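J.: Pasting a structure below so you can have a look.
The values are calculated or read from the model by the stated rules, or taken from the named source; none is laboratory data. Not measured: the values here are computed from a predicted model. For neighbour counting, all protein chains shown are included, and Cβ atoms are generated from backbone atoms with ideal geometry for every residue, glycine included.
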Amino acid sequence: MALAIFAWAQEDSVPSEQSTAPEQGCTFRSDPAQFLNAQGRTRDAVHARVRKFAEAHFSTVEAGADAAPIRRNFIDDEIFGKLDAMNVKPAKISSDEEFLRRVYLDIIGRIPSANDVKEFVASAATDKRSRVIETLITAPEFNDKWGVWFQDLVGMTEIPSTNNRRPQIEGRNAFDGWIREQLSHNRPMTAIVYDTLTRGGNNFFTENAPANFIVLGSAGMGPAQDTYDQMLVKSATSYLGLGHYDCLLCHSGRNHLEQLTVWGTKGTRSDAQRMAAHFSRVRLNNVVPGTGQYGHALYNSTDVVDAAAGTYDLNTTFGNRPGRTPIGSERNLTPEYRDGTRATGNWRAAFANKLINDPLFGINFANRLWKEFFGIGLVDPVDTLDPDRLDANKPPASPWTLQATHPQLLIKLSQFFVENDTNLRELIKTIVHSSAYQLSSRYEPEWKVEYVPLFARHYPRRMMAEEVHDAIVKATGVMPQLSYQLVNNQTIPQITPANSRPKSDPVAWAMKMPDATEPRFLNGTQNGSVVNFLNTFLRGNRDTARRAETGSILQQLSLMNDNTVVLPKIKIANSPYLKELAKITDNGELVDDLWLTFLSRKPTTAERSKAVAHFTKVARNTAIEDLAWVAVNKVDFLFSY
Amino acid sequence: MRDRFGIDWSNIKGSHFWARPQLSRRLFFRHCASAVGGYFLMPSRPLETVAKAAVSPIGTAKNVIFILMAGGPSHCDTFDLKEGVWTPSFMAPTSYGDLRWPQGIMPLLGEQLDHIALLRSTKSWAAVHELSRTWIQIGRNPISGLAKIAPHIGSVVSLELGLGRKATLPAFVSLNTGSGPDQGYLTPDHSPFYVNPNGNGIGNASHADGQGVFDRRFNLLQDIDAENRSGASELGGAVDEVASFNLSARKLMYNPDVNRIFTFDAAQRALYGTTAFGNACITARNLLRANLGTRFIQITMGGWDMHQNIYTPNAGLQNLTRQFDSGLAPLIADLKTDGLLDETLIIAMGEFGRTTGSPNGQAGRDHFLQQAVLVAGAKIRGKRAIGATDEAARATSEPGWSAERDIRVEDVEATIYSALGVDWTTVRYDDPLGRGFEYVPTNQGVQYAPIHELWS
């Protein structure tokens, strides 16, 4: 396919009439035909000019065999600039099929349908990739995938193991509904984060849903200061990437963090505690309903309250962190942000205002989003940002190096995010538009370990557990009825049979579940099979087990034999898709369609001939079911590559 | 070419720091090529471990059976029996030498006391279920910074004693455990292999449409997907890893050796009490008999959280101890007969103990930090207790061991490693936090240590 590059200033191809205004006195009423023609020509000319601009900046026609990838934005300038400087070749641009499956999974967590693939590949539009991106960014499924991402980030779950006060099912569900709604309204990340830091009231109420983030900060088995610390650790780690506060809240950096962080080494325990002090007026009050233990709708809920007074007191002798003792005459710390600003007014609001304007806010989210799409962060692990090693204009003293693989890129990405109102969709759009993101994951001639931090190719990722489940559902068309629980077990009288516990309206998609304990109900009955399947694919529990992409024997056993999520769905009798597929009389075309549906591509010559040959060995319907099973168990089914 | 840390990767073969690799080189490069898990890709320090002190692990055991009594069993009614007006007659307290034992509710284990020692000066850190349960499985405070990456004790055992892909079965098997701590930052080879044994094989290890259909499909898969499974996929190491797990999974299916372990009939189940716990004990015995690579077996048994009606006959405590007794006693006996008991360390503990003295207002017992642990096997000296508590088992009156303080879960952890011949003071420097991962953490100057008195 030919390269299509248009310089921005090609005005000469615009029709000359465009510069001519309609003649004096020419209005629709005086001469409709001329008016309309003139308007039409104007429209055409503007449209042509805009299209050319779009093609130059956003279209991704596949480059010729050895042509360098087109640099579409600042991401490409940085990535390809560095590759050129290191004399390393980038991979080719991904094929249309590779790109489509990847971008569907990466943006909305679903595989494309066979028709989506066929239309996309067949389209000659030079801006087809940008159109697909636009469609995906605005799809409702976006809110599900990124709602799950955000809740992974903050660790939202019904009962975190380290906590004294917990969100419980009601708080978890409220938060889950809230974040998905925030995303659907395209709200800035600063606004979303601000709400999670500053809201209060009873955590079960939907209008107080964001307050459940504060409830997550409750630390069990220790004094209140442990809770203030935990709230700071969660905020700083999730929202600023400053995971080292967890270390500093036990001890100063000196003699501890010299191997890890320049900034942290200079940090003192009291600095960190002054940050935590922003939370020292938060009270998490157990709601004790007057009627007694069980059965009350608010049983186990928490009132998040800001006390009028209180400080971070240095007077603890037990708990999860070393004893806190006065520093000279200082016994009660008041909040001070890490830049020295003393908090006034409501301390949580003061903290939230500083945090969302902290330069690390943008850098943190830019870095984390980069990792979502590129597989490794520009700084990795993503919660170890070191503010003293991020500025290319102020590099740290030797032997320290700048922390990011591409320091200028990280800053530019952060600036882009902030300049675009910290809008998640805008950030994702610009990442995904880049040629760097669209590189193939295949590399020739020989891949070397040193190329890894250069992002010279795309790195495949195994689908998330929810994506695996949902891909099987989408491909087969067999829609399970998954429901999650609506009230916590102690709100319901103990004798209630589990199956009659209040549950959500059923949905077919695992990506809609509020946490890793769900769905507890399958087709209306309590059933753990789907949860077991998802656990096998290492969904994690947002608490003691992190989400992971690694493989396992149990995953393979599930894909081959699971008699709830897999095997029933590949039976023609159950699958609307396979029923339709069976109507295709030509075996080769049938195999093509099956591959497009499950694997988002046509079969290779070898795959096709082997698959078609199978029809000679068994009954036709058996062959179809066998091949559907093979498709789900193919290695490439599991990957976004 | 030097990476950004100045490490020259072009000459790896001769570098000395590979002398004691903790990741096999192959696995390391696999991860690099796959770009799965960011921190593996940019190592910043040599992969070596440093022993903190010269220690002599006991080294009598090859295997561990770790019984997690989820919910927190009442210690003053079980392993640290204290009698009072509340003690129901069915408990039938009996003396075995110096040991007072509830013969009435655990008669079979009463006959095995020669092989059993009780740690009565044990104290939990936290009376919170999820927190403490996680704590005893990873051997450190789950709130600590390091807990984010900490592996389950079983995963460390898999790392130290596992045979890797050469073994048919994973080194760490977890029975009747819903979910819990995994292998942390260690590679997925060391993840727990979850099974809920019912005597009918491993779940998902047989094909609903029958072996004939399965074999046909499996062969078709290997044929059609051959390009991806040659071991050098263009897509990188993550893909090769999937293919490798697939073959390992296949080996577990329709495998007579594996079936022998997980398939047992009603008669066999009856010998162990016909309970989920009993089935897990049978499975543990079979796993060790078969010797197919499993070294650490966790059995999770829930229901011990008896806030109400603990002494109701045939319910509450009596019900659960009957299951426990009828499962664990024949396990110990069978291992003894097989000659495996001497090389298997058995630990049974909950996440904490329960309140002592008179029961609470609902005739039950609540969370309590003092607890007691049962230890058996690995050539320990049995029929005695280490440590003692006051007249109600409220607090330790005598620690009973050289550290002269309460026994903590970290000490139990150290004991497990020592029994297996593993240096419990090991610190690994391949962790992603770059801080150093200690097998047994230190805590504000307290040095945790194995309870070697068990063997003397």
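J.: Given the conditions (1) in a loop (DSSP other than H, G, I, E, B); (2) at the interface with chain B (Cβ under 10 Å from one of its Cβ atoms), report the number of the one that A:Phe637 does not fulfil.
T.: Of (1) in a loop (DSSP other than H, G, I, E, B); (2) at the interface with chain B (Cβ under 10 Å from one of its Cβ atoms), only one is false for A:Phe637: (1).
J.: Something else now. When you scan the stretch B:98-122, how many residues do you find that are of a type in the set (D, E, K, R) and either assigned to a loop (DSSP other than H, G, I, E, B) or surrounded by 24 or more Cβ atoms within 10 Å (Cβ to Cβ) (or both)? If you could, list the steps in order and put the result at the bottom.
T.: Step one: filter the stretch B:98-122 for residues of a type in the set (D, E, K, R), giving B:98, B:100, B:111, B:114, B:120.
Next, only the ones that are either assigned to a loop (DSSP other than H, G, I, E, B) or surrounded by 24 or more Cβ atoms within 10 Å (Cβ to Cβ) (or both) stay: B:98, B:111, B:120.
Final tally of qualifying residues: 3.
J.: Here's something else I'd like to know. Which residue pairs have Cβ atoms closer than 8 Å, lie 6 or more positions apart in sequence or on different chains, and pair a first residue in the stretch A:213-225 that is on the phi < 0 side of the Ramachandran plot with a second residue that is buried (at least 24 other Cβ atoms within 10 Å of the Cβ) and acidic (Asp, Glu)?
T.: A:Ala219/A:Asp226; A:Ala219/A:Asp229
J.: So, one more: Can you find a residue in the stretch A:340-359 that is under 18 Å from A:Thr198 (Cβ atoms), crowded, with 19+ Cβ neighbours inside 10 Å, modelled with pLDDT of 95 or more and in contact with a Lys or Arg (Cβ under 7 Å, 6 or more places away or on another chain)?
T.: Yes, the stretch A:340-359 contains at least one residue that is under 18 Å from A:Thr198 (Cβ atoms), crowded, with 19+ Cβ neighbours inside 10 Å, modelled with pLDDT of 95 or more and in contact with a Lys or Arg (Cβ under 7 Å, 6 or more places away or on another chain).
J.: So in the stretch A:372-392, with the set limited to residues that are of a type in the set (D, E, K, R) and not in a loop (DSSP other than H, G, I, E, B), which one is farthest from the other protein chains (Cβ to nearest Cβ)?
T.: In the first step, residues of the stretch A:372-392 are kept if they are of a type in the set (D, E, K, R); the result is A:372, A:380, A:383, A:386, A:388-389, A:391.
Imposing the further condition that a residue be not in a loop (DSSP other than H, G, I, E, B) reduces the set to A:372, A:388-389.
Working: A:Glu372: 12, A:Asp388: 16, A:Arg389: 11 Å.
The selected residue is A:Asp388.
J.: Further question on the same structure: Is one or more of the residues making up the stretch A:431-442 of a type in the set (S, T, N, Q), within 14 Å of chain B (Cβ to nearest Cβ) and touching a residue at least 12 places away in the same chain (Cβ under 8 Å)?
T.: yes
J.: Right, here's the next one. Please work out which one of (1) surrounded by fewer than 16 Cβ atoms within 10 Å (Cβ to Cβ); (2) in a helix (DSSP H, G or I); (3) in contact with a helix residue (DSSP H, G or I) (Cβ under 9 Å, 6 or more places away or on another chain) is the condition B:Ala267 fails and give its number.
T.: Of everything listed in (1) surrounded by fewer than 16 Cβ atoms within 10 Å (Cβ to Cβ); (2) in a helix (DSSP H, G or I); (3) in contact with a helix residue (DSSP H, G or I) (Cβ under 9 Å, 6 or more places away or on another chain), B:Ala267 misses just condition (3).
J.: Could you identify the single residue in A:Asn320, A:Asn332 that is in contact with a Ser or Thr (Cβ under 8 Å, 6 or more places away or on another chain) and at pLDDT below 95?
T.: A:Asn320
J.: Output the residues belonging to the stretch B:186-199 that are at the interface with chain A (Cβ under 8 Å from one of its Cβ atoms) and not in a loop (DSSP other than H, G, I, E, B).
T.: Within the stretch B:186-199, B:Pro188, B:Phe193, B:Tyr194 qualify.
J.: Also: Condition first: part of a helix (DSSP H, G or I), touching a strand residue (DSSP E or B) at 6+ places or on another chain (Cβ under 7 Å) and of a type outside the set (Phe, Trp, Tyr). Can you find one or more residues in the stretch B:285-299 that meet it?
T.: Yes: one or more hits.
J.: Out of all the residues in the stretch A:583-612, which are in a helix (DSSP H, G or I), β-branched (Val, Ile, Thr) and out of contact with any helix residue (DSSP H, G or I) (no Cβ under 7 Å at 6 or more places or on another chain)?
T.: Residue satisfying the conditions is A:Thr605 alone.
J.: Within the stretch A:564-575, is there a residue that is buried (at least 22 other Cβ atoms within 10 Å of the Cβ), out of contact with any Phe, Trp or Tyr (no Cβ under 9 Å at 6 or more places or on another chain), part of a helix (DSSP H, G or I) and touching a residue at least 24 places away in the same chain (Cβ under 8 Å)?
T.: yes
J.: Please go through the stretch A:134-186 and pick out each residue that is surrounded by 24 or more Cβ atoms within 10 Å (Cβ to Cβ), β-branched (Val, Ile, Thr) and in a helix (DSSP H, G or I).
T.: Those that are surrounded by 24 or more Cβ atoms within 10 Å (Cβ to Cβ), β-branched (Val, Ile, Thr) and in a helix (DSSP H, G or I): A:Val148, A:Ile169, A:Ile179.
J.: Hey, another quick one. Give me a count of the residues in the stretch A:443-464 that are assigned to a loop (DSSP other than H, G, I, E, B) and either more than 23 Å from the chain's Cα centre (by Cα) or more than 8 Å from chain B (Cβ to nearest Cβ) (or both). Before the answer, list the steps.
T.: Step one: filter the stretch A:443-464 for residues assigned to a loop (DSSP other than H, G, I, E, B), giving A:443-448, A:455-460, A:463-464.
Within this subset, residues satisfying the condition of being either more than 23 Å from the chain's Cα centre (by Cα) or more than 8 Å from chain B (Cβ to nearest Cβ) (or both) are A:443-448, A:455-458, A:463-464.
Residues flagged as assigned to a loop (DSSP other than H, G, I, E, B) and either more than 23 Å from the chain's Cα centre (by Cα) or more than 8 Å from chain B (Cβ to nearest Cβ) (or both) within the stretch A:443-464 amount to 12.
J.: Looking at (1) part of a helix (DSSP H, G or I); (2) farther than 21 Å from A:Gly377 by Cβ, which one does A:Ile70 not meet, given that it meets all the others?
T.: All conditions pass for A:Ile70, except number (1).
J.: Out of B:Ser174, B:Ser158, report the one residue that is touching a Gly at 6+ places or on another chain (Cβ under 8 Å) and closer than 17 Å to B:Ile297 by Cβ.
T.: Going through B:Ser174, B:Ser158 in turn, just one is touching a Gly at 6+ places or on another chain (Cβ under 8 Å) and closer than 17 Å to B:Ile297 by Cβ: B:Ser174.
J.: Taking the conditions exactly as written (part of a helix (DSSP H, G or I), within 9 Å of another protein chain (Cβ to nearest Cβ) and over 30 Å from B:Asp342 (Cβ atoms)), does B:Leu146 satisfy them or not?
T.: Criteria not met by B:Leu146.
The rows are residues; the columns are (1) under 29 Å from A:Leu599 (Cα atoms); (2) touching a strand residue (DSSP E or B) at 6+ places or on another chain (Cβ under 7 Å); (3) within 7 Å of chain A (Cβ to nearest Cβ); (4) basic (Lys, Arg).
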position: B:Gly180; (1), (2), (3), (4): no, no, yes, no
position: B:Gly184; (1), (2), (3), (4): no, no, no, no
position: B:Gly201; (1), (2), (3), (4): no, yes, no, no
position: B:His207; (1), (2), (3), (4): yes, no, yes, no
position: B:Gln222; (1), (2), (3), (4): yes, no, no, no
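J.: What tally of residues in the stretch A:582-609 results from selecting those that are crowded, with 19+ Cβ neighbours inside 10 Å, at the interface with chain B (Cβ under 10 Å from one of its Cβ atoms) and of a type in the set (D, E, K, R)?
T.: Qualifying residue count, the stretch A:582-609: 1.
J.: I would also like to ask the following. Counting only residues that are surrounded by fewer than 19 Cβ atoms within 10 Å (Cβ to Cβ) and under 24 Å from the mean Cα position of the chain (by Cα), which one in the stretch A:520-558 is nearest to the other protein chains (Cβ to nearest Cβ)?
T.: Of everything passing the filter in the stretch A:520-558, A:Arg546 is nearest to the other protein chains (Cβ to nearest Cβ).
J.: Restricting the search to the stretch A:360-388, which residues are charged (D, E, K, R) and buried (at least 20 other Cβ atoms within 10 Å of the Cβ)? If you could, list the steps in order and put the result at the bottom.
T.: Residues of the stretch A:360-388 charged (D, E, K, R): A:368, A:371-372, A:380, A:383, A:386, A:388.
Listed by number, the residues that qualify are A:Asp380, A:Asp383, A:Asp386.
J.: Of all residues in the stretch A:613-630, count the ones that are crowded, with 18+ Cβ neighbours inside 10 Å and part of a helix (DSSP H, G or I).
T.: Count: 9.
J.: Look at the stretch B:123-137 and say how many of its residues are in a helix (DSSP H, G or I), at the interface with chain A (Cβ under 8 Å from one of its Cβ atoms) and buried (at least 23 other Cβ atoms within 10 Å of the Cβ).
T.: The number of residues fulfilling the criteria is 3.
J.: Sort out which residues of the stretch A:337-370 are in contact with a Gly (Cβ under 9 Å, 6 or more places away or on another chain) and not in a helix (DSSP H, G or I), and write them in order of number.
T.: Across the stretch A:337-370, the qualifying residue is only A:Arg338.
J.: I would also like to ask the following. So A:Asn499 fits all but one of (1) outside any loop (DSSP other than H, G, I, E, B); (2) within 24 Å of A:Asn143 (Cα to Cα); what number is the exception?
T.: So the condition that A:Asn499 fails would be (2).
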